[in-house]
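*Asks:* Please find one structure pasted underneath; my questions will follow.
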Amino acid sequence: MFCGCGGLSLGFQNAGFDVVAAFDSWLPAIEVYKANFQHPVFNKDLSEDKAYLDVAELKPEVVIGGPPCQDFSSAGKRDESLGRADLTLSFANIVSQVKPCWFVMENVERIAKSHVLKTALKIFRENGYGLTSSVLNASYCGVPQARKRYFLVGQLGGKDDFLNFYLTKNQSQKPMTVFEYLGDSLGIEYFYRHPRSYKRRAIFSIHEPSPTVRGVNRPIPKTYQKHQGDVCEVNENLRPLTTIERSYVQTFPSVFKFKGNKSDLEQMIGNAVPVKLGEYVARCILEYIEDSSENAYHLPPVQLKLFEKSSNYQGTFRK
């Protein structure tokens, strides 16, 4: 749900999940999604009262999604009354009505302090979900970007905090740099990322994680004055990353097809869950299921079904 151009979908697909359908209501993102996945994507307003029926018809074992985050984001107005925060409750209500054995919800770090999240957590718990919540720094999860995101993972009939061990132990010891992921392919050593405030640095090295890829991408202003934190002087060779380079930092593969106008592409790439971050969470879930399978006789049938369906993924499961 709220699939955007497909970062979370591709991450789960790469980990071995069978993604059967996707939902969104932003046409530019839907068109990009269609160009990259074989399963259907539906143009659907998930805030509608009966939206859960379309999801229920698919009988999913897992529901994943990132409800729009602008009302919580540090880049937005941080006003939960604007209406977009209600889509978090739409996600919670659809999950509670469809009752998949798992769900994964992604959002910005700031949602953890919101009233809307408290309401969503109450809905999930009242419907029998054990919950694990964690703020993950993508640079420790296979992404060359210092992007912090909130993840909530629910297991029907499970215990709270069931996934914390896996989400923690699988992280790398040090953050991934742009160079470690992309090498010299960008043809630059330094790049400009337009700051929200000129009190912040704007020039970064490929030998560190990229700052968060946002939905806007601007050139260097002619009047820009070097910040004390900038890693090089402003010169004629310095430039921002291109739209497609920003998709690489979001760990979309080079074969991923983007189409549409530049403004829409910048927004959908900036809004996407980094592919490798989605894959990281998916692999943690599969590892938890694998370890739980050693005590399979004590698992509810719905969990056994998920394990059996996913057990053809090479390298993850022991027979």
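The values are calculated or read from the model by the stated rules, or taken from the named source; none is laboratory data. Computed from a predicted structure; not experimentally measured. Counting neighbours? That spans all protein chains shown, and the Cβs are built from the backbone with ideal geometry, glycine included.
*Asks:* Pairs needed: first member in the stretch 267-295, over 18 Å from Cys5 (Cβ atoms) and modelled with pLDDT under 95; second member anywhere, outside any helix (DSSP H, G or I) and among the aliphatic types (A, V, I, L, M); C-beta distance under 9 Å; at least 6 residues apart or different chains.
*Replies:* Listed by first residue and then by second, the contacts come to Ser292/Leu299; Ser293/Leu299.
*Asks:* Let me ask another. Anything in the stretch 208-227 that is free of Cβ contacts under 8 Å to residues at least 24 places away in the same chain and either among the polar types (S, T, N, Q) or more than 30 Å from Asp264 (Cβ to Cβ) (or both)? List them, or say none.
*Replies:* Passing the criteria: Thr223, Lys226.
*Asks:* With respect to Tyr166, determine if the residue is surrounded by 12 or more Cβ atoms within 10 Å (Cβ to Cβ), touching a Cys at 6+ places or on another chain (Cβ under 6 Å) and in contact (Cβ under 8 Å) with a residue 60 or more places away in the chain. Before you say what the answer is, go through the steps one by one.
*Replies:* Numbers: surrounded by 12 or more Cβ atoms within 10 Å (Cβ to Cβ): yes; touching a Cys at 6+ places or on another chain (Cβ under 6 Å): yes; in contact (Cβ under 8 Å) with a residue 60 or more places away in the chain: yes.
Here the answer is yes, as Tyr166 does meet what is asked.
*Asks:* Moving to a separate point now. Out of (1) over 20 Å from the mean Cα position of the chain (by Cα); (2) over 21 Å from Ser90 (Cα atoms); (3) among the aliphatic types (A, V, I, L, M), what's the single condition that is false for Leu53?
*Replies:* Unmet condition: (2).
*Asks:* Using the structure shown, decide if Pro67 is of a type outside the set (S, T, N, Q), touching a Ser or Thr at 6+ places or on another chain (Cβ under 6 Å) and modelled with pLDDT of 70 or more.
*Replies:* Numbers: of a type outside the set (S, T, N, Q): yes; touching a Ser or Thr at 6+ places or on another chain (Cβ under 6 Å): yes; modelled with pLDDT of 70 or more: yes.
Answer is yes for this residue.
*Asks:* What's the number of the condition Gln13 fails, among (1) modelled with pLDDT of 95 or more; (2) crowded, with 21+ Cβ neighbours inside 10 Å?
*Replies:* Condition (2) is where Gln13 drops out.
*Asks:* Look at Gly215 and say whether it is at pLDDT below 95, small (Gly, Ala, Ser) and closer than 29 Å to Arg196 by Cβ. Steps first, answer last, please.
*Replies:* On the way: at pLDDT below 95: yes; small (Gly, Ala, Ser): yes; closer than 29 Å to Arg196 by Cβ: yes.
Yes, satisfied.
*Asks:* Still on this structure, I have one more. State whether one or more residues within the stretch 121-131 are touching a residue at least 40 places away in the same chain (Cβ under 8 Å), among the polar types (S, T, N, Q) and surrounded by fewer than 21 Cβ atoms within 10 Å (Cβ to Cβ). Reasoning before the result, please.
*Replies:* The first filter runs over the stretch 121-131 and keeps only residues touching a residue at least 40 places away in the same chain (Cβ under 8 Å), leaving none.
Within the stretch 121-131, none of the residues are touching a residue at least 40 places away in the same chain (Cβ under 8 Å), among the polar types (S, T, N, Q) and surrounded by fewer than 21 Cβ atoms within 10 Å (Cβ to Cβ).
*Asks:* Report, by residue number, each residue of the stretch 103-129 that is over 16 Å from the mean Cα position of the chain (by Cα) and either not in a helix (DSSP H, G or I) or not hydrophobic (A, V, I, L, M, F, W, C) (or both).
*Replies:* Selection gives Lys113, Ser114, His115, Lys118, Thr119, Lys122, Arg125, Glu126, Asn127, Gly128, Tyr129.
*Asks:* Follow-up question, since we're still on this one. Of everything in the stretch 196-250 that's within 24 Å of Val143 (Cβ to Cβ) and hydroxyl-bearing (Ser, Thr, Tyr), which residue is surrounded by the most Cβ atoms within 10 Å (Cβ to Cβ)?
*Replies:* Ser210
*Asks:* If a residue must be within 21 Å of Gln13 (Cα to Cα) and either modelled with pLDDT under 95 or charged (D, E, K, R) (or both), how many such residues does the stretch 252-266 contain?
*Replies:* We begin by selecting, within the stretch 252-266, every residue within 21 Å of Gln13 (Cα to Cα); these are 252-258.
Those left that are additionally either modelled with pLDDT under 95 or charged (D, E, K, R) (or both): 257.
Qualifying residue count, the stretch 252-266: 1.
*Asks:* For the stretch 130-155: of the residues being among the basic types (Lys, Arg) and part of a strand (DSSP E or B), which is farthest from Ala272 (Cα to Cα)? Before the answer, list the steps.
*Replies:* Here is the first cut: in the stretch 130-155, the ones among the basic types (Lys, Arg) are 147-149.
Filter once more, keeping what is part of a strand (DSSP E or B): 148-149.
On the way: Lys148: 13, Arg149: 11 Å.
Across the stretch 130-155, the extreme among qualifying residues is Lys148.
*Asks:* Quick one: in the stretch 169-184, of everything that is touching a residue at least 40 places away in the same chain (Cβ under 8 Å) and surrounded by fewer than 21 Cβ atoms within 10 Å (Cβ to Cβ), which residue is nearest to Glu61 (Cα to Cα)? Before you say what the answer is, go through the steps one by one.
*Replies:* In the first step, residues of the stretch 169-184 are kept if they are touching a residue at least 40 places away in the same chain (Cβ under 8 Å); the result is 170, 178, 181-182.
When the remaining residues are screened for being surrounded by fewer than 21 Cβ atoms within 10 Å (Cβ to Cβ), the result is 170, 181-182.
Details: Asn170: 24, Tyr181: 33, Leu182: 35 Å.
Residue satisfying both the conditions and the ranking: Asn170.
*Asks:* Restrict the check to the stretch 300-310 and report whether at least one residue is crowded, with 17+ Cβ neighbours inside 10 Å, at pLDDT below 95, more than 14 Å from Gly7 (Cβ to Cβ) and of a type in the set (A, V, I, L, M).
*Replies:* Yes: the stretch 300-310 contains one or more residues that are crowded, with 17+ Cβ neighbours inside 10 Å, at pLDDT below 95, more than 14 Å from Gly7 (Cβ to Cβ) and of a type in the set (A, V, I, L, M).
For (1) of a type in the set (Asp, Glu); (2) touching a residue at least 60 places away in the same chain (Cβ under 8 Å); (3) surrounded by 17 or more Cβ atoms within 10 Å (Cβ to Cβ), each residue gets a yes or a no:
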{"position": "Gly4", "(1), (2), (3)": "no, yes, yes"}
{"position": "Ile30", "(1), (2), (3)": "no, no, yes"}
{"position": "Tyr33", "(1), (2), (3)": "no, no, yes"}
{"position": "Asn36", "(1), (2), (3)": "no, yes, yes"}
{"position": "Leu46", "(1), (2), (3)": "no, no, yes"}
{"position": "Leu53", "(1), (2), (3)": "no, no, no"}
